[in-house]
1. Need the failing condition index for B:Ser99 against (1) open to solvent by 30 Å² or more (accessible area, probe 1.4 Å); (2) without any contact (Cβ under 8 Å) to a residue 12 or more places away in the chain, just the number.
2. Within segment B:59-78, track down each residue that is more than 9 Å from DNA strand D (Cβ to nearest atom) and either outside any strand (DSSP E or B) or open to solvent by 50 Å² or more (accessible area, probe 1.4 Å) (or both).
3. Restricting attention to segment A:79-96, which residues are surrounded by 17 or more Cβ atoms within 10 Å (Cβ to Cβ) and farther than 11 Å from A:Leu20 by Cβ?
4. Does segment A:45-52 contain any residue that is at the interface with chain B (Cβ under 9 Å from one of its Cβ atoms) and either at pLDDT 65 or above or within 11 Å of the chain's Cα centre (by Cα) (or both)?
5. Consider only pairs whose beta carbons are under 6 Å apart and that are at least six residues apart or on different chains; among these, list those whose first residue lies in segment A:64-84 and is free of Cβ contacts under 8 Å to residues at least 40 places away in the same chain and whose second residue is surrounded by fewer than 21 Cβ atoms within 10 Å (Cβ to Cβ) and in a loop (DSSP other than H, G, I, E, B).
6. Go through (1) away from every other protein chain (no Cβ under 14 Å); (2) surrounded by fewer than 17 Cβ atoms within 10 Å (Cβ to Cβ); (3) within 14 Å of DNA strand D (Cβ to nearest atom) for B:Lys56 and report which single condition fails.
7. Based on what the data block shows, is B:Arg39 at pLDDT below 95 and open to solvent by 70 Å² or more (accessible area, probe 1.4 Å)?
8. Take the residues in segment B:61-100 that are more than 14 Å from every other protein chain (Cβ to nearest Cβ) and among the hydrophobic types (A, V, I, L, M, F, W, C); name whichever of them is farthest from DNA strand C (Cβ to nearest atom).
There are 2 protein chains.
Amino acid sequence: MKVDVNVFKALSNQTRLDILQWLKDPEREITSVSCETVRFMMDERGGICVQDLVKKAGLAQSTVSSYLSMMEKCGLLISERHGKWTYYRRNESEILGLSEKIKKEL
Amino acid sequence: MKVDVNVFKALSNQTRLDILQWLKDPEREITSVSCETVRFMMDERGGICVQDLVKKAGLAQSTVSSYLSMMEKCGLLISERHGKWTYYRRNESEILGLSEKIKKEL
DNA sequence: TTGACATATCGAAATATAACGATATAATAG
DNA sequence: CTATTATATCGTTATATTTCGATATGTCAA
């Protein structure tokens with residue numbers, strides 16, 4: 001399988017790169033009530049809701065939402081909706097796969 | 001060390017991604033006299049001159065030249081000038097390093 | 001030194017991305 | 001059902017990238 005340019009497009013923006021980092025350790029990076037909620041709701045998978053990422057990023061809600069959707073579309077993130085909230089978390093296997101692809105095919 | 005967004009910017013373009021692929025096996029991809037020259041001159045390191053990449057890419061010389069310079073600046077390529085020609089080749093250790101960085105830090 | 005060729009750089013026009021506010025959609029609480 | 005809250009989508013404007021042609025720089029051969 002060829003390396004997909006869209007993954008690199010998603011990664012070619014500092015905020016989106018930051019989001020990926022923040023999602024690595026949500027408990028450290030995000031300190032809000034909804035983080036508690038998510039830990040309960042998503043069975044320790046560590047997702048973060050859009051609001052929390054909006055606060056952290058300091059950009060408009062619409063901007064962050066479309067960033068997240070774009071990162072999900074190219075496989076970097078996984079989203080799960082629970083009631084009003086959409087929780088986003090890293091797609092670790094996809095990220096590891098990217099590392100492998102770069103080593104083998106780039 | 002943090003992951004640098006500029007490497008992803010360099011990779012977020014299909015032509016630049018292609019160039020990286022072509023440079024993987026110059027003898028297969030590029031069939032021109034200057035390829036012979038480079039093999040002799042660069043001691044089997046397999047660089048390709050700008051002209052050959054211009055032909056292959058089908059874009060203006062100025063476009064390809066600036067792509068190459070950009071990819072060199074962010075560490076993906078190495079250039080070496082021999083007379084009139086500038087030969088570009090992959091910076092394999094940097095590319096491997098990127099793969100590692102993604103696995104560990106992204 | 002001059003001419004020819006390879007590459008690099010510059011300036012401009014077309015296209016894409018970034019980012020916003022407004023609005024639409026979805027879900028819950030009352 | 002309605003108001004409220006969370007997220008997604010749309011339309012717009014500012015900025016960045018793409019790509020070109022023209023030109024500058026560097027190198028070699030005559």
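1. Of everything listed in (1) open to solvent by 30 Å² or more (accessible area, probe 1.4 Å); (2) without any contact (Cβ under 8 Å) to a residue 12 or more places away in the chain, B:Ser99 misses just condition (1).
2. Of segment B:59-78, the ones more than 9 Å from DNA strand D (Cβ to nearest atom) are B:68-69, B:71-78.
Within segment B:59-78, B:Leu68, B:Ser69, B:Met71, B:Glu72, B:Lys73, B:Cys74, B:Gly75, B:Leu76, B:Ile78 meet the criteria.
3. A:Trp85, A:Thr86, A:Tyr87
4. no
5. A:Ile78/A:Asn91
6. Unmet for B:Lys56, out of (1) away from every other protein chain (no Cβ under 14 Å); (2) surrounded by fewer than 17 Cβ atoms within 10 Å (Cβ to Cβ); (3) within 14 Å of DNA strand D (Cβ to nearest atom): (2).
7. Taking the combined requirement at face value, the residue does not satisfy it.
8. Across segment B:61-100, the extreme among qualifying residues is B:Ile78.
The values are calculated or read from the model by the stated rules, or taken from the named source; none is laboratory data. These figures come from a predicted structure and were not determined experimentally. Virtual Cβ from ideal backbone geometry, glycine too; neighbours counted across all protein chains shown. Accessible surface is based on the protein model in full, side chains and every heavy atom, while ligands, DNA and RNA are left aside. Shrake-Rupley method; radii C 1.70, N 1.55, O 1.52, S 1.80 Å.
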